[in-house]
2 protein chains.
Amino acid sequence: MTNITMIRAAAERIKGHARRTPLLSSPFLDEIAGRRVLVKPECLQHTGSFKYRGGRSAVSALDPEVRARGVIAFSSGNHAQGVALAAKEFGIPAVIIMPADAPRLKIENTRAIGAEVVLYDRAGGESREALGDAITAERGLTLIKPYDEPQVIAGQGTTGLEIAAQAQEAGVDSADVLVCCGGGGLTSGIALALEADAPGLRPRPVEPEGFDDVTRSLISGHIETNNQQSGSLCDAILTPSPGQITFPVMQRLCGPGLVVTEDECLHAMALAFQRLKLVAEPGGAAALAAALFHGDEIEGNAVICTISGGNVDADVFQMALNRFEG
Amino acid sequence: MTNITMIRAAAERIKGHARRTPLLSSPFLDEIAGRRVLVKPECLQHTGSFKYRGGRSAVSALDPEVRARGVIAFSSGNHAQGVALAAKEFGIPAVIIMPADAPRLKIENTRAIGAEVVLYDRAGGESREALGDAITAERGLTLIKPYDEPQVIAGQGTTGLEIAAQAQEAGVDSADVLVCCGGGGLTSGIALALEADAPGLRPRPVEPEGFDDVTRSLISGHIETNNQQSGSLCDAILTPSPGQITFPVMQRLCGPGLVVTEDECLHAMALAFQRLKLVAEPGGAAALAAALFHGDEIEGNAVICTISGGNVDADVFQMALNRFEG
C-alpha cells in the first residue's frame, strides 16, 4: 500500500526527470467560477500527462535485473506514453497493449517514443488480458498497472506534494482540490500527499457523466462499476471501476465526487485555450469544468484543479473551439 | 539606458507578481530541429505574453504621485494588456490607444482588465500620436512606451535572467537564444541579462518576412525601416524600426537576425499545440519556427527560443491546425 514515505521516495527518484509544473491562474476564470481558481497543468508534463510521474516511479523502483527484461502496460494512451518514456530512459524494452480505437496521436506517440505497440479490438471483445499474459510469460516482462499499483500511485502522488507547496506559496491553505479521475491513481496519490502536507486541502474526484463509478462508490461505500466502457470523448479517464488499492484511500480521504458533462469539458478546453494558453484533452479538462461550472457544489474562496493531460487530436480540439469560442 | 543593475532591480519589483515561466522541451521537436530545443513559454505569463513584465516594471518604477494620475500606452494588444494589468494592480487609471483592426481577443481582454480603450483607424491614417498627446496632456497621464523605455526593457530583461539560470540547470552553457523581435524590448533586455549571467548564450532576433527591420539594421549598422506596417498575422511583432535605445544594445550583443515566413510560424504553432500543449500566437511562434526550420543558420548542439505570447483568436489558431496537422 502506498504511503507518504513512498511518495517522498518517488519524488526523490523522479527528481530532475519529471517536470515540476507551475500553478497557473487567470482573473477571467476566477470571474466565471466566482472564486479563485488555481490550475495544476500536468498537460505540460513530459509525454503530455501526469502519467509519466507514475511510469517513471514504477520503472525506477524495479529491481535492476527484473527491470532489464522489460515492462508491459495496458493503456488507451497516456499511461502508455508515460511507461514508454520511462522504459526508454532506462534503455529497456516496453510492450504496450492499446485499444485500436485510441486517439491516433496517443498511438503514434507511444510508437515514436520507442515502445512496441500491440493493438487489440476493444469493440470486438478481444481479451487484452489474454493477449498480455501470453506476451508477458514469453518474455519475462513486468506488468506496470495504470493505477492499482503502489509505486504508480506514489509517482502520481508527487503531484500532490507540489500542489501542497504551491498552494501555500499562493496563500491558500483551505480549498477543494479537484482531480480528473479514472481508476483513482492520481486522486489517491494526491490525497495521501495532501493528508501529510496540506490537511486543509480536500481532494475530490471529478468524472464524466456516465462514467461516475468513483462518485457512486464513495456514496455507496462499495466498489461500483460503469455500465459502459467507451463512448465518451474523455477517453483518458474511462475505467470500469475504482481500484482495489485506490478506493480505500479515496474513501478515507476524499470529499464527494463531482460529475461533469462532455460539453462542459469541451467548454473548459476552450477556456483553457483562451485564458491559460494551454491545450487540455477532454478528460483532462474535467476538473477545470467542475471548478468553472459546478461552483455550487464546491466550498471555499479558492479551488484548485488539475489539468491531467493534453493529448488531444486536432479535430476534437477544434470541435471545442468551434462550439465554445465566439 | 537599461543596465544589468536595473534588470535585477526590476526582477525584485516584479517578484511574486510576474510568473517564473518554466523551460520546456520535447524529444519530437529536438528531432525536427536536429538539436536540443529549449522553449521559454511566455504565453504562460500573466496576460498571455512577456509584456506584463515590462508593464509591471515600468509602472512600479514610477514616483507614487506621478503614478497615481494614471498611465497611457499605444499598443496593438500585448503591451496594452501588460500595462492595463499593472495599472489595475496599483489601482490607477490606464488609457490604451489601440488600432481598430487589432485582434478582437486583445481588445476585449484589455477592456476586461479595466483599462479605457481608445480605438483609432490604422488604415485611414488617423494619427494615434495626436490622439494620445491630447489625452495625456488633459489628464496628466504618464506614457509607457512599448519598447524604447529603460524600465520596460529592464522588465523584459528578467526573462533573460530566468533563461540564464534555467539553461544552466539544463546543462546548456553555450547556445543561440532566439527571441521574437518587434521593437527590440525583449531582445535587448534578454541580451543584457545574458551578457551578465550567461555569456555563452548568444541572443538573436527573429522577425517575420517583410518586417525584418532589425535584421537589416544589424547588417547595415543603421536603423532601417519596414516598408509596410501591417499585413502579417504576426501582429505582435510588427514595428516600423528598432528603437533608439534598443538598437545600440542589440548591435553590441546580438548575433545575426533570422527571418521566418508566416507559414513557418503557423507550422510552429501547430507543433507547439501537439508537442508542448501550448497556445502560441503567430508572432509568438516566430522564434520556435526559426529553431525548427532554420537549423542551418543556427550554431551549437542546443537552441533556446522564446514563445513570446499566446493571444490568438480561435480562427487563426484553427487555420494553423488545419494547415499543419494531418
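Would a scan of the stretch A:19-27 turn up a residue that is modelled with pLDDT under 95, assigned to a helix (DSSP H, G or I) and in the same structural domain as residue A:198 (by TED's automatic domain parsing)? Walk me through it before giving the result.
Of the stretch A:19-27, the ones modelled with pLDDT under 95 are A:27.
With assigned to a helix (DSSP H, G or I) added as a condition, the list becomes A:27.
Now narrow it down to the ones that are in the same structural domain as residue A:198 (by TED's automatic domain parsing): A:27.
For the stretch A:19-27, residues modelled with pLDDT under 95, assigned to a helix (DSSP H, G or I) and in the same structural domain as residue A:198 (by TED's automatic domain parsing): present.
Which residues, counting only those in the stretch A:50-92, are hydroxyl-bearing (Ser, Thr, Tyr) and at pLDDT below 95? Steps first, answer last, please.
So in the stretch A:50-92, the residues hydroxyl-bearing (Ser, Thr, Tyr) come out as A:52, A:57, A:60, A:75-76.
Across the stretch A:50-92, the qualifying residues are A:75, A:76.
Assuming residue B:183 fulfils every condition listed in (1) over 29 Å from residue B:59 (Cβ atoms); (2) out of contact with any strand residue (DSSP E or B) (no Cβ under 9 Å at 6 or more places or on another chain); (3) not in a helix (DSSP H, G or I) apart from one, which condition is it?
Of the numbered conditions (1) over 29 Å from residue B:59 (Cβ atoms); (2) out of contact with any strand residue (DSSP E or B) (no Cβ under 9 Å at 6 or more places or on another chain); (3) not in a helix (DSSP H, G or I), the odd one out for residue B:183 is (1).
Can you pull out the residues in the stretch A:1-14 that are free of Cβ contacts under 8 Å to residues at least 12 places away in the same chain and over 18 Å from residue B:169 (Cα atoms)?
First, the residues of the stretch A:1-14 that are free of Cβ contacts under 8 Å to residues at least 12 places away in the same chain: A:5, A:12.
Scanning the stretch A:1-14 gives a single hit, A:5.
Residue-by-condition table, conditions (1) surrounded by fewer than 17 Cβ atoms within 10 Å (Cβ to Cβ); (2) out of contact with any Cys (no Cβ under 7 Å at 6 or more places or on another chain):
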position	(1), (2)
A:252	yes, yes
A:258	no, yes
A:278	no, no
A:325	no, yes
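Of the residues that make up the stretch B:76-99, is at least one among the aromatic types (Phe, Trp, Tyr) and within 27 Å of residue B:280 (Cβ to Cβ)?
Within the stretch B:76-99 (the criterion being among the aromatic types (Phe, Trp, Tyr) and within 27 Å of residue B:280 (Cβ to Cβ)), the answer is no, since none of the residues qualifies.
Any chance the stretch A:212-226 includes a residue that's in contact with a strand residue (DSSP E or B) (Cβ under 6 Å, 6 or more places away or on another chain), among the charged types (D, E, K, R) and touching a residue at least 12 places away in the same chain (Cβ under 8 Å)?
yes
Could you check the stretch A:208-326 for helices (runs of 4 or more DSSP H) lying wholly inside it with 2 or more residues that are within 14 Å of chain B (Cβ to nearest Cβ)?
Where helices (runs of 4 or more DSSP H) fall fully within the stretch A:208-326 and carry at least 2 residues being within 14 Å of chain B (Cβ to nearest Cβ), they are A:262-271, A:314-324.
Taking residue B:220 as the residue in question, decide whether it is more than 21 Å from residue B:50 (Cα to Cα) and hydroxyl-bearing (Ser, Thr, Tyr). Please lay out each step first, then the result.
Working: more than 21 Å from residue B:50 (Cα to Cα): yes; hydroxyl-bearing (Ser, Thr, Tyr): yes.
When the stated conditions are applied, residue B:220 passes them.
Select from the stretch A:196-233 the residues that are surrounded by fewer than 24 Cβ atoms within 10 Å (Cβ to Cβ), under 19 Å from residue A:306 (Cα atoms) and within 19 Å of the chain's Cα centre (by Cα) and list them in ascending order.
Answer for the stretch A:196-233, where residues must be surrounded by fewer than 24 Cβ atoms within 10 Å (Cβ to Cβ), under 19 Å from residue A:306 (Cα atoms) and within 19 Å of the chain's Cα centre (by Cα): A:202, A:209, A:212, A:215, A:233.
Cβ-Cβ distance below 7 Å, separation of 6 or more or different chains: which pairs start in the stretch B:129-147 with a residue that is on the phi > 0 side of the Ramachandran plot and end on one that is of a type in the set (Lys, Arg)?
If the second residue must be of a type in the set (Lys, Arg), the pairs left are B:140/B:69.
Any residue that is without any contact (Cβ under 8 Å) to a residue 60 or more places away in the chain and surrounded by fewer than 24 Cβ atoms within 10 Å (Cβ to Cβ) - is there at least one of those in the stretch B:235-245?
Initially, the stretch B:235-245 is screened for residues without any contact (Cβ under 8 Å) to a residue 60 or more places away in the chain, giving B:240-242.
Still in the list and also surrounded by fewer than 24 Cβ atoms within 10 Å (Cβ to Cβ): B:240-241.
Among the residues of the stretch B:235-245, at least one is without any contact (Cβ under 8 Å) to a residue 60 or more places away in the chain and surrounded by fewer than 24 Cβ atoms within 10 Å (Cβ to Cβ), which makes the answer yes.
Out of B:241, B:308, report the one residue that is polar (S, T, N, Q), farther than 17 Å from residue B:21 by Cβ and in contact with a Ser or Thr (Cβ under 7 Å, 6 or more places away or on another chain).
Working: B:308 fails: farther than 17 Å from residue B:21 by Cβ.
None of the other options fit; the residue is B:241.
Which condition number does residue A:17 fail, the rest of (1) more than 14 Å from chain B (Cβ to nearest Cβ); (2) over 27 Å from residue A:172 (Cα atoms); (3) over 17 Å from the mean Cα position of the chain (by Cα) being met?
In the conditions (1) more than 14 Å from chain B (Cβ to nearest Cβ); (2) over 27 Å from residue A:172 (Cα atoms); (3) over 17 Å from the mean Cα position of the chain (by Cα), residue A:17 misses (1) alone.
What's the total number of residues in the stretch A:89-112 that are within 14 Å of chain B (Cβ to nearest Cβ) and over 16 Å from residue A:53 (Cβ atoms)?
From the stretch A:89-112, those within 14 Å of chain B (Cβ to nearest Cβ) are A:89, A:103-112; that's our starting set.
Checking the rest, the ones that are also over 16 Å from residue A:53 (Cβ atoms) come to A:103-112.
Residues meeting the conditions: 10.
Among residues belonging to the stretch A:20-31 that are surrounded by 18 or more Cβ atoms within 10 Å (Cβ to Cβ) and of a type in the set (A, V, I, L, M, F, W, C), point out the one that is farthest from the other protein chains (Cβ to nearest Cβ).
A:29
Counting only residues that are of a type outside the set (A, V, I, L, M, F, W, C), surrounded by 24 or more Cβ atoms within 10 Å (Cβ to Cβ) and within 24 Å of residue A:294 (Cα to Cα), which one in the stretch A:34-48 is nearest to the other protein chains (Cβ to nearest Cβ)?
Among those that are of a type outside the set (A, V, I, L, M, F, W, C), surrounded by 24 or more Cβ atoms within 10 Å (Cβ to Cβ) and within 24 Å of residue A:294 (Cα to Cα), it is A:41.
Of a type in the set (A, V, I, L, M), away from every other protein chain (no Cβ under 14 Å), crowded, with 22+ Cβ neighbours inside 10 Å and farther than 30 Å from residue A:296 by Cα: is that true of residue A:66 in this structure?
no
Return the only residue of B:4, B:14, B:72 being hydrophobic (A, V, I, L, M, F, W, C) and surrounded by fewer than 19 Cβ atoms within 10 Å (Cβ to Cβ).
On the way: B:14 fails: surrounded by fewer than 19 Cβ atoms within 10 Å (Cβ to Cβ); B:72 fails: surrounded by fewer than 19 Cβ atoms within 10 Å (Cβ to Cβ).
Just one listed residue meets the conditions, B:4.
This table checks each residue for (1) more than 19 Å from residue A:7 (Cβ to Cβ); (2) surrounded by fewer than 24 Cβ atoms within 10 Å (Cβ to Cβ); (3) out of contact with any Gly (no Cβ under 9 Å at 6 or more places or on another chain).
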{"position": "A:119", "(1), (2), (3)": "yes, yes, yes"}
{"position": "A:139", "(1), (2), (3)": "yes, yes, no"}
{"position": "A:142", "(1), (2), (3)": "yes, yes, no"}
{"position": "A:163", "(1), (2), (3)": "no, no, yes"}
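Filter the stretch A:101-126 for residues that are touching a Lys or Arg at 6+ places or on another chain (Cβ under 7 Å) and farther than 25 Å from residue A:140 by Cβ and give the result. Reasoning before the result, please.
At the first step, the residues of the stretch A:101-126 found to be touching a Lys or Arg at 6+ places or on another chain (Cβ under 7 Å) are A:101, A:113-114, A:117, A:120.
Correct list: A:101 only.
The values are calculated or read from the model by the stated rules, or taken from the named source; none is laboratory data. Model, not experiment: these values are computed from the prediction. Ideal geometry is used to build each Cβ from the backbone, glycine not excepted, and the neighbour counts take in all protein chains shown.
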